[in-house]
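Worksheet for the structure shown next.
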Amino acid sequence: MFRIVILLIFLVWVPSASAAADNSWLKKIPLHDAIRVGTGNKIVVEISDPDCRFSRRMARYWAMRKDVTRYIFLIALKNHPDAAQKAHYILSSPDRAAAYQQVFSGSLDFDEKLAARRYNDHGALKRHQAVAAKLDVVGTPTYFLSGARVNGAKVKELELLLGGKSIPFDVEGESPYSQ
């Protein structure tokens with residue numbers, strides 16, 4: 001049993017040669033089209049839905065990590081009828097990061113003005129959805145970092161890949177964007 005545990009730890013901590021050597025997927029992703037949040041030295045590519053409760057919870061976690069730069073691509077899942085409008089709002093904003101924080105904080109939920117307006121994101125949402133399709137993403141949130149893919153709001157798995165100090169995270173706590 002001890003050997004199995006050691007083997008699992010080794011497999012989690014040491015990226016495979018193929019994963020480490022093949023970062024070509026990152027070069028093929030149009031990061032210039034993503035929403036950039038953060039200035040840390042660790043790169044995370046994220047696919048999120050503006051109305052996904054797990055994506056929103058994870059936005060709170062990422063706000064606490066100062067060692068990460070996130071490149072966020074938005075998709076609108078069919079079971080979230082307002083997500084496309086919110087994504088268009090974010091992607092048409094002159095300050096996408098601020099609009100992202102505003103939407104993911106929930107402050108625009110049930111906003112009739114947002115729902116009534118038309119936003120011209122110049123095809124950005126379609127480009128974001130194409131990136132997600134190319135990466136075979138069908139659910140949110142999905143993360144790509146250190147040559148690995150993490151499906152879902154799996155903080156412990158992400159922290160293993162990111163390394164460093166673990167960040168206390170209360171999934172049910174307040175959003176830092178609402179302060």
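Just to be sure before I move on: is A116 at pLDDT 85 or above and out of contact with any Cys (no Cβ under 8 Å at 6 or more places or on another chain) in the structure I sent? Break it down into steps so the answer makes sense when it comes.
Details: at pLDDT 85 or above: no; out of contact with any Cys (no Cβ under 8 Å at 6 or more places or on another chain): yes.
So A116 does not fit the description; no.
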Listed residues Q101, Q85; which is at pLDDT below 95, among the polar types (S, T, N, Q), assigned to a helix (DSSP H, G or I) and over 19 Å from S146 (Cβ atoms)? Q85
Residue by residue through the range 52-82, note down the ones that are of a type in the set (G, A, S) and in a helix (DSSP H, G or I). S55, A59, A63
Filter the range 15-40 down to residues that are more than 16 Å from Y71 (Cα to Cα) and surrounded by 10 or more Cβ atoms within 10 Å (Cβ to Cβ) and give me whichever is modelled with the highest pLDDT. D22
Just need a number here: residues in the range 41-53 that are surrounded by 22 or more Cβ atoms within 10 Å (Cβ to Cβ) and polar (S, T, N, Q). 1
Is it the case that the range 139-161 has a residue that's at pLDDT 80 or above, charged (D, E, K, R), more than 16 Å from A59 (Cβ to Cβ) and outside any helix (DSSP H, G or I)? yes
For residues that are in contact (Cβ under 8 Å) with a residue 40 or more places away in the chain, under 20 Å from K27 (Cβ atoms) and surrounded by fewer than 18 Cβ atoms within 10 Å (Cβ to Cβ), tally how many sit in the range 105-145. 3
So is G106 at pLDDT below 95, under 13 Å from D51 (Cβ atoms) and in contact with a helix residue (DSSP H, G or I) (Cβ under 8 Å, 6 or more places away or on another chain) or not? yes
Might you check whether a residue that is touching a Lys or Arg at 6+ places or on another chain (Cβ under 7 Å), without any contact (Cβ under 8 Å) to a residue 60 or more places away in the chain and under 20 Å from H128 (Cβ atoms) occurs anywhere in the range 39-46? no
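The values are calculated or read from the model by the stated rules, or taken from the named source; none is laboratory data. This structure is a prediction, so every number in the text was calculated from the model and none was measured. We place every Cβ from the backbone using ideal geometry, glycine too, and count neighbours over all the protein chains shown.
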